[in-house]
Structures are given as C-alpha cells and as structure tokens.
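Below is one structure, written out as structure tokens; the observations come after it.
The values are calculated or read from the model by the stated rules, or taken from the named source; none is laboratory data. On a predicted model such as this, the values are computed, not experimentally measured, just so you know. FYI the Cβ positions are ideal-geometry reconstructions off the backbone, even for glycines, and counts take in every protein chain you see. These area figures cover heavy atoms from the full protein model, side chains too; ligands, DNA and RNA do not enter into them. Shrake-Rupley method; radii C 1.70, N 1.55, O 1.52, S 1.80 Å.
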Amino acid sequence: MSKDAGSGRDMWGGHFEAGPAPLMEQINASIDFDKRLWAQDIAGSMAHARMLAAQGIVLEADRDAILEGLAQVHEEIAEGQFHFERSLEDIHLNIEARLTELVGEPGRRLHTGRSRNDQVALDMKLWTREAMDRADARLAELQKVLLHRAEEHAATVMPGFTHLQAAQPVTFGHHLMAYVEMFGRDRSRFQDARRRLNECPLGAAALAGTSFPIDRDATAAELGFERPTANSIDSVSDRDFALDYLASAAICAVHLSRLAEELVLWSTPQFGFVRMSEDFTSGSSIMPQKRNPDAAELVRGKSGRVMGHLQALLITLKGLPLAYSKDMQEDKEGLFDAVDTLELCLAAAAAMLLGMKANPERMKEAAGVGFTIATDLADWMVRVKNVSFREAHGIAARAVKRAEERGCGLEALTLAELQAIDPRIDEAVFGVLGVERSVESRMSHGGTAPERVRQAVAAARSRYFPEAPAAGEAGA
C-alpha cells in the first residue's frame, strides 16, 4: 500500500491538524484482530455499491470500478499479499484505502450512505452468523459419534451415579445418550440465536439513518438477511448477537467440560471403564506407567475461557449509553477466541469419543458394587407383594445391612436370610436381583433398558438427522 493511501486522520478531512500520539495509535487500532472480518467487509461493501448504483446514488461506472477493485482486494488478502496498516486503525479503513488507491475517485464514493458504525455491525453479524452455522455443524458431528457409540453399547451395563456414589445400574449407551440430548439443546440455542441475528444493520449509518434514498431491503436480501433492522439507533448499539453466541457457547462448554470430566474419571485405573486413544493422551517425564488424558483435561480447562468471554462482554456493554461507543471495539477479541476455542473443543471431543475403547467387563463388575440393585428389591415388594414403597424401602435397607455384614451382594443372600428380614419374600425375588435384570426392567420412556436405548438412538437420528445413513454407518 502506498503512502498516498493516507492515514486514519486523513479520512477525517481537515478537522484534525496533528496526527495521533503513538500510544493513542496503539490503544485505538483494532486491525491486528479485526482483519479477520475482511471477507465480510468486502461482501457488505459490494452489496452496498450495487444498491447505490441501483438507486442512482452513484454512477454504474463507479459501481463497476468499485466492484472490480474490491475483487482485487479480496484476491490480495486471500493470497496473503495485502499489507495491513496499523495507522489505518481497522479493517474498514484498510480496505477502503487500498480500494481508493486502486480505482481512485469511485473508491471515495463507496462510503456514501453508511458509517463505520453500521459497517462493523454488519461485518460482525455476518461473521457471527457463519460461526453459529459452524457450531451447529460441529455439534451435529459430535452427536453422530455419540449415537454410534451409544448404539454399540446399548446393553453394556455400568453403574449410574448420584453424588458420585454408585446409585443404580444403567447402560453405557444410555449414559452417552444423555449427552446427545445436551448437545441437541446446544444446537437449538445456536439455531435460535441465528434467527434473532438475521436482520441487516447496513444503512443505519452512524445512528440516525441517512438522507440518501437507499434501499435497505435490497442489501439485506443480497446478504442473506430476512429483513433490515427496524431502528437505526439499536442497529449500531446492538451486540446481542455476540452475547447470544457467547451464552450458547458457554452452556455448550459446560456440557463439554462435564463430558471431559467423566472421560478423565473413567480412564483412571481406579475406574477402568474406558481406555483413551494414544492420539489424545500423553506420558509422564518421570513416571513411565502414566497415560494422561490431556486432551480431555484441556477441553475441561478451556471451558473457562469461553465462559469468561461471555462475562467480559456483558460487563463491557452494561454501562454503555446508546448509540455507539468505542468500548464496543472490545466485542471482537473475546468473541473470536471463544469461537476458536469452542470449535477446537468440539472437534477434540468427537475424536476422543470415536477413538475411545470401552471396557464392558470392568463396567459390569463395578455396576454391582455399592448395592445398586437395592431399589429393584424395593420395587419388587411394591409390585408383587403390594407393599407401600416406604415400607419396601425399609425392607430393602435392612437387606443391604445384612449383605454388608456378610460382605456380599444382595443377590448372594439366601432366601432364608431374606425371609428373616420379611417373610413375604419368596423365590421369585431372585428374578429381579442382578445388574442386567435391573437395567432390562427400566422400560419407562427415557429409561435405561437396552431396548429403550436402541429406540432412543433411532428416534434421535430421526429427529436430528432425517437424512442420516443407515444404522452402523454413523460415526464411521
């Protein structure tokens, strides 16, 4: 870029006599990070130029020169040949200066009827909309992997926990399906946020609109928006779409962190439920036996960054009067980092789950530890012997105490021992005592019975992926 392109102060005309202090240039410039918006800035400028010509605000010859120049700028940036100038502050002035250098006077006419305020709002909306679409796509891929593994382990018995204490037997497939639902809600949040975002701010200008006869519907339609925004002040003040992304991402990061925490626990020798792929683990510099689940720990750790960026933007915006303030420049770095972090964590989670090897034998062994079938004994008393649940609960508790005294499981107690606790118990009780019998009995909607898990997998595929491949192909 030649010196003729001018500095940021040159863009203000004659109002400023002196250039900015070096420290002012350093704190004011955003080009180091907002250059990520270059493709969106060029797309918005092209739509604006076409609209200006269609409305007779600029000549068609000017439009053609602008479009040709912007296409060249696009090519230069895409090929890494564009020189970004910090003195030009931001991506908007960098592109405009290069355009003017290339095409002359027509480049100076491009900014007619708009401001950097509506320009940056547009660029940010276009960029965030693409990020929302990518988040939805990556979440969908993660769901596919979970569905694949859940179907594979629909009947693999494992302990279910409350308070991290063994509670009742469930299946590994049922446990994984819980995350399918969680990530499904995450997808719906991004989809809802996208619908709210999809109004075009271009044409709001600085804050009051413009006296030029612009066609905001035309630019909105060309850029894929449903409609133009309704209020010019709100158009340049609004960063709800960024908050929407960050809020959705923060909740999603919580879900990813919970999944990562379980992978960390399950892969310990003490649990031994799964073995993580070598691709996503590391060794120790001193302990040769170690197999550390570093990728899972990093997913868990990085969730805090995403949550922090949401808080930072909320705090930045909370005291701002309408319309635009320079504080709003702080909306970008946190959002950009949150998007990068979330996309990386989603990809890592899917890859970890796909490469993870389950240990069904160890899971089944652990499923019976801690008298997890005690509720099955109580339920049997209610169902077969017409005992109130509160009374049945006490009978089962006494049976647990007897098993603890003997150091055995409930299913190892003799009939005589059980009848000593309650004489109504008969031989048929042994038909429900056992972890596999326990999970098979949980046939309520949303329950852990293998049959229900397989039904849930099929229903989720139909709900989330109506064009999904046949069973067995997902996650391949």
With bins of 5 Å, the percent of all Cα-Cα pairs of segment 121-189 per bin from 0 is 4, 16, 18, 16, 14, 11, 8, 5, 4, 3, 1
Mean projected area (nm²) from the convex hull of Cα positions in segment 246-379 is 13.0
With a 31 Å threshold on alpha-carbon distance, the violating pairs from 357/401; 35/144; 144/364 are 357/401; 35/144
With Rg from the Cα atoms and Rh as the Kirkwood inverse mean 1/r over Cα pairs, segment 216-283 has an Rg/Rh of 1.36
Using a 1.4 Å probe on heavy atoms of the protein chains only, the accessible area for residue 401 in Å², nearest 10, reads 120
Expressed in angstrom, Rg and Dmax over the Cα atoms of segment 372-435 are 10.3, 30
Residue-normalised value, i.e. accessible area per residue, for segment 385-462 at 1.4 Å probe, in Å², stands at 55
With the dipole of the chain defined by +1 on each Lys or Arg Cβ and -1 on each Asp or Glu Cβ, the option from 73, 458, 445 whose Cα lies farthest towards the positive pole is 445
Counting only protein heavy atoms and leaving out ligands, DNA and RNA, the solvent-accessible surface of residue 162 at a 1.4 Å probe, in Å² to the nearest 10, equals 80
Within the chain, excluding any GluC sites (Glu not before Pro) found in a DSSP loop (not H, G, I, E or B) and having at most 15 other Cβ atoms within 10 Å, the longest uninterrupted segment runs 227-466
Under the Karplus relation with 6.51, -1.76 and 1.60 and θ = phi - 60°, whole-Hz ³J(HN,Hα) for segment 364-374, x at Gly and Pro, equal 5, 4, 6, 5, x, 6, x, 6, 5, 9, 4
Dimensionless Rg/Rh of segment 319-476, both radii on Cα and Rh by Kirkwood, sits at 1.24
Net charge near residue 210 (other residues with Cβ under 13 Å of its Cβ; Lys, Arg +1; Asp, Glu -1) is 0
Over all viewing directions the Cα convex hull of the chain casts an average projected area in nm² of 30.8
The ³J(HN,Hα) series, computed from each phi in segment 273-278 with the Karplus coefficients 6.51, -1.76 and 1.60 at θ = phi - 60°, rounded to the nearest Hz and given as x for glycine or proline, is 6, 9, 10, 7, 4, 4
By accessible area (1.4 Å), largest first, 322, 146, 243 order as 322, 243, 146
Rounded to the nearest 500, the 222 nm mean residue ellipticity computed for the chain from DSSP H runs (n ≥ 4, each -39500 (n - 2.57)) alone is -19500 deg cm²/dmol
Stokes-Einstein D for segment 28-138 (25 °C, 0.890 mPa s, Kirkwood Rh from Cα pairs), in µm²/s, comes to 171
Whole-percent carbon and sulfur contribution to the accessible surface of the chain (1.4 Å, no ligands, DNA or RNA) stands at 51
Sequence order, segment 230-240: Karplus ³J(HN,Hα) from phi using 6.51 cos²θ - 1.76 cosθ + 1.60, θ = phi - 60°, Hz rounded, Gly and Pro as x, gives 8, 9, 5, 5, 4, 4, 8, 8, 6, 10, 4
With every protein chain kept in place and a 1.4 Å probe, segment 197-315 has an accessible area per residue in Å² of 47
To the nearest 20 debye, segment 366-476 has a Cα-centred charge dipole, built from +1 on Lys and Arg Cβ and -1 on Asp and Glu Cβ, of 300
With +1 on the Cβ of every Lys and Arg and -1 on the Cβ of every Asp and Glu, the dipole magnitude of the chain about its Cα centre, in debye rounded to the nearest 20, is 1800
Length-normalised contact order of the chain, Cα under 8 Å, at least 6 apart, in percent, tallies to 17
For segment 301-370, whose charge dipole is built from +1 on Lys and Arg Cβ atoms and -1 on Asp and Glu Cβ atoms, the candidate among 367, 355, 308 with its Cα farthest towards the positive end is 367
Sorted list, accessible surface of protein heavy atoms, 1.4 Å probe, largest first, for 381, 307 is 307, 381
Residues meeting the amide H criterion for residue 167 (H placed from the backbone, H to H distance under 5 Å, 5 or more places apart or on another chain) are 160, 161, 162
Counting only protein heavy atoms and leaving out ligands, DNA and RNA, the solvent-accessible surface of residue 92 at a 1.4 Å probe, in Å² to the nearest 10, equals 10
The relative contact order of segment 131-213, taking Cα pairs under 8 Å that sit 6 or more residues apart, comes to a percentage of 31
At the level of C-alpha centres, the distance separating segment 192-263 and segment 28-59, in angstrom, is 17
So, relative contact order of segment 295-452 in percent, Cα under 8 Å, 6 or more apart, is 17
